[in-house]
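See below for the structure under consideration.
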Amino acid sequence: MQPTRTPVRPPSDPSLDIDLSAVLAESRLASQQITPASGKWDVIIVGSGAAGGMAAFQLATAGIKVLVLEAGRMLDHQKEYRTMEWPYQSLRRQRLPPEMRGLNVAEYNFVDRPYGNHPQFDKYKKLSSYAGNSFTRNWVVNEKENPTTGTPYAWVRARVLGGKTNFWGRGALRYGPLEFKAASHDGYDVDWPIGYEDVKPYYDKVDVLLGCSGTTEGLAQVPDGIFQTPSKLNCTETAFRAGIARLGRKLIPGRAGVTTDGLMNNRYRAKCMRRGRCGRGCDLNSSFHSPAALIAPARDTGNLTLRPYSVVREVLLDESTNKARGVRVIDAQTREVMDFTARVVVLGAGTLDTTRILLNSKSARYPNGLGNGADVLGRYLSEHIMGVRGSGYIPARLGKAPTIDDARPVGPYIPRFRNVTDKHKDFLRGYHFQGGGGAGEYPTMAHGIPGFGSSFKTTVRKYYPAPIAFGGFGEVLPRWENRVLLDPVVTDAWGIPVLKFEYKFGDNEKKMLVDMADSIEEMFRAAGAEDIQIGREALPEGWSIHEIGTARMGTDPKSSYSDQWGRPHDVKNVFLADASPFVSGGTQNTTWTILAMCWRTMDFVKEEMRQGNL
């Protein structure tokens, strides 16, 4: 019996051997040239994704000098967005290189934290989250350098210009009254200190600025927007829609943060050509990616300075004024420590990284983290519970000629139907489903079909046009005990204390999961599907990538961390531009609300600066 060996990288593989020397040199040069003494800035922005990008765009286009600090490197989208790469171009058929490994579902739950310390991963140079693949592998972080501790959590992080907007799911759903005033609806927890009417004008502005495709449906649980041309349901999905309509449920085209008609306000983006490979990064920038949609236009103003390789450790406090004076940065390459100063600090590093920076911002006045006198910071962590999945085949489509069914940015969507007008006896809040059907670029259902040879191929062709599948997203109730804090011992590769998770799905989510599985089975049966398969187990905590709430906003400093502008109650020149101030999240994806809320907050910052209050 021969011993097992670590696979060897092929001598030349164009899908793995991407020449990034130019963008790496650009990143090194920028980090060397931009120092605390090289300029004077009005605002420091931490992060360059949805939140950081929108903050930079809004402030720079208003004539404000901003410094954007990105923990990763710059991006060469022409080389790195491999939208049109075919599997046969890769000797490994688009698998990860042999020296890299992504965590799987079981490992999140059963491998001790930090994940990267486990001996089974010693032979790999890089261990990524489950989101690491051939197209994202150079963007997602190395778990060995960026550990976490505590309870299992599938934290997806990207350190590169634009962050996760380079490969996000493109779901552009608005929060509505059911989210902003959830407590008034069902009595649990508290309402946001603002309402949908406060944010709606900014949703509208985001739709126009960035492009959003969808259909007007008039549903209270998912408000309509200003839409560009939507994608269409294919034949398989149309049959499914007719079936579930008998249950009083709707299937609508997905709402996508993609310009399908083109934009007159951005020379870096072109309209969608419906190629259906958006998750790799769109080389036309039709999909909203922060580098082209926000950062590039902001740089064109001459008011934005971008420093890559800037790992922010903490916000620096001026004890005499109780205001932030800047941030402390560790250069990711050289490990040099630098203090950058500005009148205002905006944190848009993502819910968990922003919270980590704030917890690490300790001082004599705030020994538990900046502005954290009430011990609220890090608590009320929330996201979506996922894992329930339904699949099957629509009989009317068996054996039909295949059509191009996946050439679109997102699949269709089944909006929330629980606890909208009625009240479920077992749980609060609700869930929705995303998915789709028809013939895709690759017949993944073939892996579940037995046989081989010509008969196997005939069967695959028969079923190819007919599959349909949907997965659920359920709201996780915000709870005091679900939190992150700093690990007292473990640090990352730059010596910064890491997050320790104390987070678990609760009884409400578990009861919701049962109903979610029962309802998707009910819908598949109503649609007359065959070979129905129902997945009933939850995916690991964190899988949704929709973290919110760890610096929740409110009017009472004893029960909330920030005010309605995402500003810590006690520190008046720091603003949180990501989802960390969100009070609750409903079933919707978070990105479009991050963009709208950030725009609203930046309007407030601009006015406060104009009046001399900042």
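Just so you know, in segment 249-271 the residues that are open to solvent by 50 Å² or more (accessible area, probe 1.4 Å) and within 23 Å of Gly225 (Cα to Cα) include one that is nearest to the chain's Cα centre (by Cα), and it is Lys271.
Candidates in segment 545-575 are the residues that are touching a residue at least 60 places away in the same chain (Cβ under 8 Å) and charged (D, E, K, R); of these, the one that is surrounded by the fewest Cβ atoms within 10 Å (Cβ to Cβ) is Lys558. The set of residues in segment 385-411 being assigned to a loop (DSSP other than H, G, I, E, B) and of a type in the set (Val, Ile, Thr) consists of Val388, Ile394, Thr403, Ile404, Val410. The numbered conditions (1) modelled with pLDDT of 95 or more; (2) in a helix (DSSP H, G or I); (3) over 27 Å from Asn508 (Cβ atoms); (4) not acidic (Asp, Glu) are all true for Asn138 except (2). The set of residues in segment 517-544 being within 16 Å of His384 (Cα to Cα) and either open to solvent by 50 Å² or more (accessible area, probe 1.4 Å) or at pLDDT below 95 (or both) consists of Arg536, Glu537. Scan Leu103, Leu96, Leu91 and give me the residue that is aliphatic (A, V, I, L, M), open to solvent by less than 60 Å² (accessible area, probe 1.4 Å) and over 21 Å from Glu537 (Cβ atoms). Sole residue among the options that is aliphatic (A, V, I, L, M), open to solvent by less than 60 Å² (accessible area, probe 1.4 Å) and over 21 Å from Glu537 (Cβ atoms): Leu96. Taken over segment 325-365, the criterion of being of a type outside the set (Lys, Arg), out of contact with any Phe, Trp or Tyr (no Cβ under 9 Å at 6 or more places or on another chain) and farther than 23 Å from Glu547 by Cβ is satisfied by Glu336, Val337, Met338, Asp339, Ser363, Ala364.
Identification of strands (runs of 3 or more DSSP E) wholly contained in segment 281-384 with 3 or more residues that are under 19 Å from the mean Cα position of the chain (by Cα) and crowded, with 24+ Cβ neighbours inside 10 Å yields no element. For segment 225-269, which residues satisfy the criterion of being within 25 Å of Asn419 (Cβ to Cβ) and assigned to a helix (DSSP H, G or I)? Residues satisfying the conditions are Phe240, Arg241, Gly243, Ile244, Ala245.
Flag: Tyr393 matches the condition of being surrounded by 19 or more Cβ atoms within 10 Å (Cβ to Cβ), over 20 Å from the mean Cα position of the chain (by Cα) and touching a residue at least 12 places away in the same chain (Cβ under 8 Å). Screening Tyr88 against (1) more than 22 Å from the chain's Cα centre (by Cα); (2) over 29 Å from Val311 (Cβ atoms); (3) not in a helix (DSSP H, G or I) leaves a single unmet condition, (3). Restricting attention to segment 425-442, the residues that are over 23 Å from Glu383 (Cα atoms) and either surrounded by fewer than 21 Cβ atoms within 10 Å (Cβ to Cβ) or in contact with a strand residue (DSSP E or B) (Cβ under 6 Å, 6 or more places away or on another chain) (or both) total 4. If you go through segment 485-494 one residue at a time, do you hit one that is more than 27 Å from Glu314 (Cβ to Cβ), surrounded by 18 or more Cβ atoms within 10 Å (Cβ to Cβ) and touching a helix residue (DSSP H, G or I) at 6+ places or on another chain (Cβ under 8 Å)? No: segment 485-494 contains no residue that is more than 27 Å from Glu314 (Cβ to Cβ), surrounded by 18 or more Cβ atoms within 10 Å (Cβ to Cβ) and touching a helix residue (DSSP H, G or I) at 6+ places or on another chain (Cβ under 8 Å).
Taking the stated definitions as given, is Arg274 closer than 26 Å to Ala439 by Cα, of a type outside the set (Val, Ile, Thr), surrounded by fewer than 21 Cβ atoms within 10 Å (Cβ to Cβ) and out of contact with any His (no Cβ under 7 Å at 6 or more places or on another chain)? For Arg274, the condition - closer than 26 Å to Ala439 by Cα, of a type outside the set (Val, Ile, Thr), surrounded by fewer than 21 Cβ atoms within 10 Å (Cβ to Cβ) and out of contact with any His (no Cβ under 7 Å at 6 or more places or on another chain) - is met.
Test Asp422 against the criterion of being surrounded by 17 or more Cβ atoms within 10 Å (Cβ to Cβ) and out of contact with any helix residue (DSSP H, G or I) (no Cβ under 8 Å at 6 or more places or on another chain), and give yes or no. Considered against the rule, which asks whether it is surrounded by 17 or more Cβ atoms within 10 Å (Cβ to Cβ) and out of contact with any helix residue (DSSP H, G or I) (no Cβ under 8 Å at 6 or more places or on another chain), Asp422 comes out as no. Checked across segment 23-45, the condition of being open to solvent by less than 60 Å² (accessible area, probe 1.4 Å), aliphatic (A, V, I, L, M) and more than 26 Å from Leu347 (Cβ to Cβ) holds for at least one residue.
The values are calculated or read from the model by the stated rules, or taken from the named source; none is laboratory data. As the structure is a prediction and not an experimental result, all values here were calculated from the model. We place every Cβ from the backbone using ideal geometry, glycine too, and count neighbours over all the protein chains shown. Calculation scope for accessible area: heavy atoms of the full protein, side chains included, ligands and nucleic acids excluded. Shrake-Rupley method; radii C 1.70, N 1.55, O 1.52, S 1.80 Å.
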